[in-house]
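Some notes on the structure that comes next.
The values are calculated or read from the model by the stated rules, or taken from the named source; none is laboratory data. Nothing here was measured: the structure is a model prediction, and the numbers come from that model. Cβ sites come from the backbone with ideal geometry, for glycine too, and all protein chains shown count toward neighbours.
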C-alpha cells in the first residue's frame, strides 16, 4: 500500500470516529423532577391553582409557565401535592356566626418549588369519607392580586379564609386543597368546635409569602 493510500485510510477512520462522537453527544435524556403526587382520593376532581373552578370572583394568575426561571439557566418546578402540607387554622372572630381562618401550604420536601399566582381551591368531604367536593364561594384578591411564590424547604405560604356558620348549616367530614389533579387533605385547628360552612358564604384570599395582612379579621 502506498503512502498516499495510508493517509486516505487514516482520514477515513478519523471521520468515522468523529461521526460516532457526534451521534453519542447528540442524544438527549429526560429526567423527572420532584416527588410523585399521591393518589387522589377521587381522581380527576382536583383543580389547578390557576383554574377558575366553581368559585366566582377575580380570575387567578392566568397562563403561568410550569416552572420559574433561576440564575444559571435552571428552573424551579411547580410544587407537587406530595411536597406540600396543608393546614387550616381558625382565627379569633367578633361574631359566633362569622368564621375567620388562615390556610397554610408548607414545603415538606428538601427542594425548592413554586406556587403559581392565585388561589388554592378548597374542598370538603361528605359523611366523614375521603371524597371531596369543591366549596362554593368567591375568590377575593385579598390582600392583593397575589404572586408566584418560591417555597424553600420548610417555608410556608398563607391565604385568608372567611365564611358564615350556624348549627343549621351542613357539616363536612374533612377538608382538602385541590392541587394539580389531586386532593391534598388539610389538618384543621379550631378555636373550640368544628365551624361548618353555610352554602355560598365562603371567601378565600390569594396565596401570600407572609402571614401579614392575610387575615380577614
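Tell me, which residue of the stretch 71-88 that is surrounded by fewer than 18 Cβ atoms within 10 Å (Cβ to Cβ) and either under 27 Å from residue 216 (Cβ atoms) or within 19 Å of the chain's Cα centre (by Cα) (or both) is modelled with the lowest pLDDT?
First, the residues of the stretch 71-88 that are surrounded by fewer than 18 Cβ atoms within 10 Å (Cβ to Cβ): 71-75, 77, 82, 85, 87.
Narrowing the set further to residues that are either under 27 Å from residue 216 (Cβ atoms) or within 19 Å of the chain's Cα centre (by Cα) (or both) leaves 75, 77, 82, 85, 87.
Numbers: 75: 88, 77: 95, 82: 94, 85: 97, 87: 98.
Among residues in the stretch 71-88 that are surrounded by fewer than 18 Cβ atoms within 10 Å (Cβ to Cβ) and either under 27 Å from residue 216 (Cβ atoms) or within 19 Å of the chain's Cα centre (by Cα) (or both), the one modelled with the lowest pLDDT is 75.
Quick check on residue 163: is it out of contact with any helix residue (DSSP H, G or I) (no Cβ under 6 Å at 6 or more places or on another chain), at pLDDT 95 or above and not in a loop (DSSP other than H, G, I, E, B)? First the steps, then the outcome.
Details: out of contact with any helix residue (DSSP H, G or I) (no Cβ under 6 Å at 6 or more places or on another chain): yes; at pLDDT 95 or above: yes; not in a loop (DSSP other than H, G, I, E, B): yes.
Considered against the rule, which asks whether it is out of contact with any helix residue (DSSP H, G or I) (no Cβ under 6 Å at 6 or more places or on another chain), at pLDDT 95 or above and not in a loop (DSSP other than H, G, I, E, B), residue 163 comes out as yes.
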- Query: When the stretch 149-205 is examined, which residues are found to be more than 18 Å from residue 104 (Cβ to Cβ) and touching a strand residue (DSSP E or B) at 6+ places or on another chain (Cβ under 6 Å)?
  - Reply: 165, 172, 173, 197, 198, 201
- Item | Hits in the stretch 166-178 - residues which are part of a loop (DSSP other than H, G, I, E, B) and at pLDDT 90 or above | 166, 167, 168, 169
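Kindly indicate the residue of the stretch 179-198 that is in a strand (DSSP E or B) and either in contact with a helix residue (DSSP H, G or I) (Cβ under 8 Å, 6 or more places away or on another chain) or more than 10 Å from residue 87 (Cα to Cα) (or both) and also modelled with the lowest pLDDT among those meeting that condition. Write out each step before concluding.
Initially, the stretch 179-198 is screened for residues in a strand (DSSP E or B), giving 179, 182-189.
Then keep just the ones that are either in contact with a helix residue (DSSP H, G or I) (Cβ under 8 Å, 6 or more places away or on another chain) or more than 10 Å from residue 87 (Cα to Cα) (or both); that gives 179, 182-184.
Numbers: 179: 92, 182: 88, 183: 91, 184: 93.
Result: 182.
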